[in-house]
Structures are given as C-alpha cells and as structure tokens.
Amino acid sequence: MAQTKPPDAAPAGKSAFDKAALEAYLRHVELWIPQVTVKIDDPKKSSELPGYSEVLVHLSYNGGVKDERYFVSQDGRKIIKGDVYDINQNPFQPNLDKLKTDMQPSFGAAGAPVVLVEFSDFQCPLCKEEAQILRKNITATFPDKVRVYFKDYPLDAIHNWARTAAIAGRCIFRQNPDAFWDFHDWAYDNQSLIGLDNINSKIQDFAKQKGLDEMQFGRCLESKATEADVNRSIAEGRSLGIDATPTVFR
C-alpha cells in the first residue's frame, strides 16, 4: 500500500489547540478510514504529564463506538498515546477512581473487603454465563467477603433489545431495589425467549407476576425515564476503555 505524506506539523511556537490538525494527523497515523466519524473533546490539563493536555477522541463506525486517549503538548506538536504509570501508585487507581457505585444495584455483604463492579448486557450470552456463576457462587462461597455491583453496558450495535431491558431494569430498581435482582435473573434465564418483538410484553408480564406497581412501571418504561441512568453507566464504561461485555473490575 502506497504511503501518503502526513499532514504538516504545526508551525514552531504555535500554542493554540487545533482540532482539525489533530484529527488529520491521527487519521493518517492511526489509518482510520474516511467512514469513521471522529469527535474530539476540548483538551484538559493533564495531572499525569506536566506540559501536556489530555484529549479524549471518540470514534464511531457502523454502529460501533470506541474512545481513545491522547496527550498533546502545549504547542500542539507532540502527541502521546497510552497510559501513564507512577511506580509509587496502584497502576489501576485511575480506573478505580472512575467507578461510581452509589445508587447502583448490588448484592453481597455490605462493607465486604472485596468489591466487584460488573458491566453487563442483558442480551449478551457470555454475560448470562457469568451472571449465573456470580449469583450462585458469590454469596454461597464468600458470604461475608464479596459485594457485587451491576452496571449497564448494552451493546446497541449488535444487541437490539439490550437497551430496553436495561431501561426496564432501572425502572424496577427505582421502584423496588430488591426486585431488580429478580429481573436480572429472569432476563438472563429467559434470554433465548426474548426478542425485539416481545420484549415489552415479556417485561410487563414479569412486573405483574412480581406484584410491582404496573402503572408506575409502564409510565417509566414508556417515557424511558431511566435512560439517562443507563447512558451514564455507558459513559463511565467508555471512560474505562470497555469494548466488550462482561467486564469486571475489582
């Protein structure tokens, strides 16, 4: 494949951050095809690399999304991609700091020394397998040692009803936090029987069987009142570099 000349570097002394120049250079060096949509966030002063700004770049293509992190020098001429580690600190601390567990579905002993945070998708077959293992084994094997938090990460590009299930789960969690885990187990147990054509009727039947307030649940589901909760969970997952489910942090 013939190589093309990269975009000209920024003139010496240039200090303004130039998104167009950065995108052009990254498209060249990363070999992103023209069909990839690129959105570049405003730079933020890096606490990890003095003299550099942290820049998040959001990529989307054919329904899929991916975030990349770069460090750009103040004059815009130098670009660094990757993670920065401090040998005196826990290498996973930056990611752990991004995890938010308040007001999230959880099970296991409160104050347990081990905390697991799972990002999952109700339509994902591998998530089903992991969910069954976690639910059956954690409390039985480690009754006082482990607490598990659940975070939604529906893969919209490949799973057509996962988002609806995530919204429904959050509606149930708002109404009855304990019932969320009944829904969680039910959704995975019935995964093969659920489709885009029957997801709404299936979850309405579930709500009725569990004695939930059907009118309240129906309004929540129809208005997508909890979609913002799901989107926040997705945004958190993307900031952590998640590109597949299930993903578990400890």
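The values are calculated or read from the model by the stated rules, or taken from the named source; none is laboratory data. Note that the structure is predicted; figures quoted are calculated from it, not measured. Neighbour counts are summed over all protein chains in view; Cβ atoms, including those assigned to glycine, are modelled from backbone coordinates with ideal geometry.
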Next on the checklist: Take the residues in the range 201-247 that are among the basic types (Lys, Arg) and surrounded by 14 or more Cβ atoms within 10 Å (Cβ to Cβ); name whichever of them is farthest from Tyr188 (Cα to Cα).
Outcome noted: Arg238
Checklist entry - With respect to Asn137, is the statement that it is closer than 18 Å to Ile194 by Cα, out of contact with any strand residue (DSSP E or B) (no Cβ under 7 Å at 6 or more places or on another chain) and surrounded by fewer than 19 Cβ atoms within 10 Å (Cβ to Cβ) true? => result no
Item to check | Residue in the range 117-132 that is in a helix (DSSP H, G or I), touching a helix residue (DSSP H, G or I) at 6+ places or on another chain (Cβ under 6 Å) and not assigned by TED's automatic domain parsing to the domain that holds Leu26 present | outcome: yes
Item to check | Counted residues, the range 105-127 - those being surrounded by fewer than 17 Cβ atoms within 10 Å (Cβ to Cβ) and either under 22 Å from Ala179 (Cβ atoms) or not small (Gly, Ala, Ser) (or both) | outcome: 6
Checklist entry - Pairs under 6 Å by beta carbon, first residue in the same structural domain as Trp161 (by TED's automatic domain parsing) in the range 190-201, partner modelled with pLDDT of 95 or more, six or more apart or different chains? => result Gln191/Lys128; Ile194/Lys202; Leu196/Asn160; Leu196/Trp161; Ile199/Trp161; Ile199/Thr164
Checklist outcome for this item: Considering residues that are among the acidic types (Asp, Glu) and at pLDDT below 95, the number found within the range 131-166 is 2
Checklist outcome for this item: Within the range 26-63, of all residues that are charged (D, E, K, R) and assigned to a loop (DSSP other than H, G, I, E, B), the one surrounded by the fewest Cβ atoms within 10 Å (Cβ to Cβ) is Asp42
Item to check | Qualifying positions in the range 5-31 - at pLDDT 55 or above and hydroxyl-bearing (Ser, Thr, Tyr) | outcome: Tyr25
Item to check | Single condition His184 does not satisfy, out of (1) more than 13 Å from Thr247 (Cα to Cα); (2) without any contact (Cβ under 8 Å) to a residue 40 or more places away in the chain | outcome: (2)
Checklist entry - Considering the range 77-103 alone, what residues qualify as being surrounded by 15 or more Cβ atoms within 10 Å (Cβ to Cβ) and in contact with a helix residue (DSSP H, G or I) (Cβ under 8 Å, 6 or more places away or on another chain)? => result Ile79, Leu99
Item to check | Tabulated pairs, the range 110-133, first over 26 Å from Asn231 (Cβ atoms), second at pLDDT 95 or above and in a helix (DSSP H, G or I), C-beta under 7 angstrom, 6+ apart or interchain | outcome: Gln132/Tyr188
Checklist entry - Quick one: how many residues across the range 163-181 are free of Cβ contacts under 8 Å to residues at least 60 places away in the same chain and buried (at least 24 other Cβ atoms within 10 Å of the Cβ)? => result 4
Checklist outcome for this item: If we keep only residues of the range 64-76 that are on the phi < 0 side of the Ramachandran plot and assigned to a loop (DSSP other than H, G, I, E, B), then the residue surrounded by the fewest Cβ atoms within 10 Å (Cβ to Cβ) is Gln74
Checklist entry - Looking at the range 161-169, is at least one residue farther than 30 Å from Asn62 by Cβ and assigned by TED's automatic domain parsing to the domain that holds Thr245? => result no
Checklist entry - When the range 77-111 is examined, which residues are found to be part of a loop (DSSP other than H, G, I, E, B), under 23 Å from Pro43 (Cβ atoms) and acidic (Asp, Glu)? => result Asp83, Asp86
